[in-house]
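Here the structure comes first, spelled out in structure tokens, and everything after it is commentary.
The values are calculated or read from the model by the stated rules, or taken from the named source; none is laboratory data. Keep in mind that what you see is a predicted model, and the values were worked out from it rather than measured. Using ideal geometry, Cβ is built from the backbone for each residue, glycine included, and neighbour counts are taken over all protein chains shown.
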Amino acid sequence: MASAACRGSYVGRCFLLLAMRLVAVTSLALIVSVCPARADSVTVKAFNNDNNGTTATVSFNNGGGQITENKLLSQFNVTYSSGSGTVTMNTFTFDLFHEVTPLQTYAVTPRQDLGTAFTNGRQMAYVFQTYGLPDLTNDPDQAAAVQLALWDLSLDNHTPTFFSLGLDGSYSSGDPDVFKVAFGSNPDASHIAALTSQFLTAAIGTTMNGAWLDAAGKGANLMLPVAEPSSDVMTILALGALGFWSLWRCRRG
């Protein structure tokens, strides 16, 4: 009787372990499906700070010669369409080389490697996730500072850690030949620059990774908010890990 009970217990235990293993495989498939490589699209609905925002003359050089352009420093409101559905969100571009216009739609590919794809990608992720997620429609100075910090950090030939006034009246991170900004007669220039410097300094040493939408030259690359895993996903992952642990115990026994 005892032997039969043991065999029954063993069969039941192995059945449970088989179910746990199935859950583990399912959890792995779920992880892979969260951020698959695919071509999605984004539509620029509006520039949140188009009416009350800041314009500035921005000069930049990523090694291919200096370019000077007059740019709007604004948060974007976009509709992002993927295989999982459509979502409207606020975001920023970090792309100095490609302009977009309201109502423009273009293809993008979601990527999770911001921290390694760019020299200062981790700092970019920190600035965006810390200061750029709220709706900044009514805070044009912060929107301008986030935009400037992201542009400054996007250049791979320097690592900016502050932003200050130079002798020529422009603002830079100490290397104006790489990136500098002139605000003209804007009375908020010093405040925007101080915020930009604060954001750059706060990002020093961060290990944060981030996500982005890669436009591959067809439009502006955009920052992509990174959502925390849901409790359901975490539960499935925990069950999957438990299944692997139990299977290991069974094989050892």
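Looking only at region 146-170, how many residues end up being assigned to a helix (DSSP H, G or I) and under 16 Å from Thr201 (Cβ atoms)?
6
Looking only at region 192-226, filter to residues that are over 10 Å from the mean Cα position of the chain (by Cα), assigned to a loop (DSSP other than H, G, I, E, B) and among the aliphatic types (A, V, I, L, M); which one of those is farthest from Thr105 (Cα to Cα)?
The qualifying residue farthest from Thr105 (Cα to Cα) is Ile204.
Of the residues that sit in region 69-96 and are of a type outside the set (Phe, Trp, Tyr) and touching a residue at least 60 places away in the same chain (Cβ under 8 Å), which one is nearest to Asp50 (Cα to Cα)?
Ser74
Looking at region 171-183 only, could you name the residues that are without any contact (Cβ under 8 Å) to a residue 40 or more places away in the chain and farther than 11 Å from Thr196 by Cβ?
Once the filter is applied, which keeps residues that are without any contact (Cβ under 8 Å) to a residue 40 or more places away in the chain and farther than 11 Å from Thr196 by Cβ, region 171-183 yields Gly174, Asp175.
Scan region 155-170 for residues that are crowded, with 21+ Cβ neighbours inside 10 Å and out of contact with any helix residue (DSSP H, G or I) (no Cβ under 7 Å at 6 or more places or on another chain) and report the count.
1
Looking at Tyr126, Tyr80, which one is aromatic (Phe, Trp, Tyr) and part of a strand (DSSP E or B)?
Selected residue: Tyr80, the only one of Tyr126, Tyr80 that is aromatic (Phe, Trp, Tyr) and part of a strand (DSSP E or B).
Looking at this structure, is Leu136 part of a loop (DSSP other than H, G, I, E, B) and surrounded by 16 or more Cβ atoms within 10 Å (Cβ to Cβ)?
yes
For region 47-70, give me each residue that is surrounded by fewer than 16 Cβ atoms within 10 Å (Cβ to Cβ) and on the phi < 0 side of the Ramachandran plot.
Asp50, Asn51, Asn52, Thr55, Thr57, Gly64, Gln66, Ile67, Thr68, Glu69, Asn70
Restricting to region 41-54, what's the tally of residues that are assigned to a strand (DSSP E or B) and in contact (Cβ under 8 Å) with a residue 60 or more places away in the chain?
Within region 41-54, residues that are assigned to a strand (DSSP E or B) and in contact (Cβ under 8 Å) with a residue 60 or more places away in the chain number 5.
For region 103-130, what are the residues that are surrounded by fewer than 21 Cβ atoms within 10 Å (Cβ to Cβ) and over 11 Å from Val42 (Cα atoms)?
Within region 103-130, Arg111, Gln112, Asp113, Gly115, Thr116, Ala117, Phe118, Thr119, Arg122, Gln129, Thr130 meet the criteria.
Of (1) surrounded by 17 or more Cβ atoms within 10 Å (Cβ to Cβ); (2) over 20 Å from Thr54 (Cα atoms); (3) in contact with a helix residue (DSSP H, G or I) (Cβ under 7 Å, 6 or more places away or on another chain), Thr207 satisfies all except one. Which?
(1)
Take the residues of region 193-237 that are β-branched (Val, Ile, Thr) and more than 17 Å from Gly121 (Cβ to Cβ): which is modelled with the lowest pLDDT?
Per the stated criteria, the residue is Val233.
I'm trying to understand the selection: among the residues of region 87-123, which are closer than 26 Å to Ser197 by Cα and either assigned to a loop (DSSP other than H, G, I, E, B) or at pLDDT below 95 (or both)?
Result: Phe92, Phe94, Asp95, Leu96, Phe97, His98, Glu99, Asp113, Phe118, Thr119, Asn120.
Working carefully through the options Arg38, Arg13, Arg7, Arg21, find the one that is assigned to a loop (DSSP other than H, G, I, E, B), farther than 27 Å from Asp168 by Cα and at pLDDT below 95.
Residue meeting the stated conditions: Arg38.
Determine whether Gln142 is assigned by TED's automatic domain parsing to the domain that holds Phe199, under 20 Å from Ala189 (Cβ atoms) and either surrounded by 14 or more Cβ atoms within 10 Å (Cβ to Cβ) or not aliphatic (A, V, I, L, M) (or both).
So Gln142 fits the description; yes.
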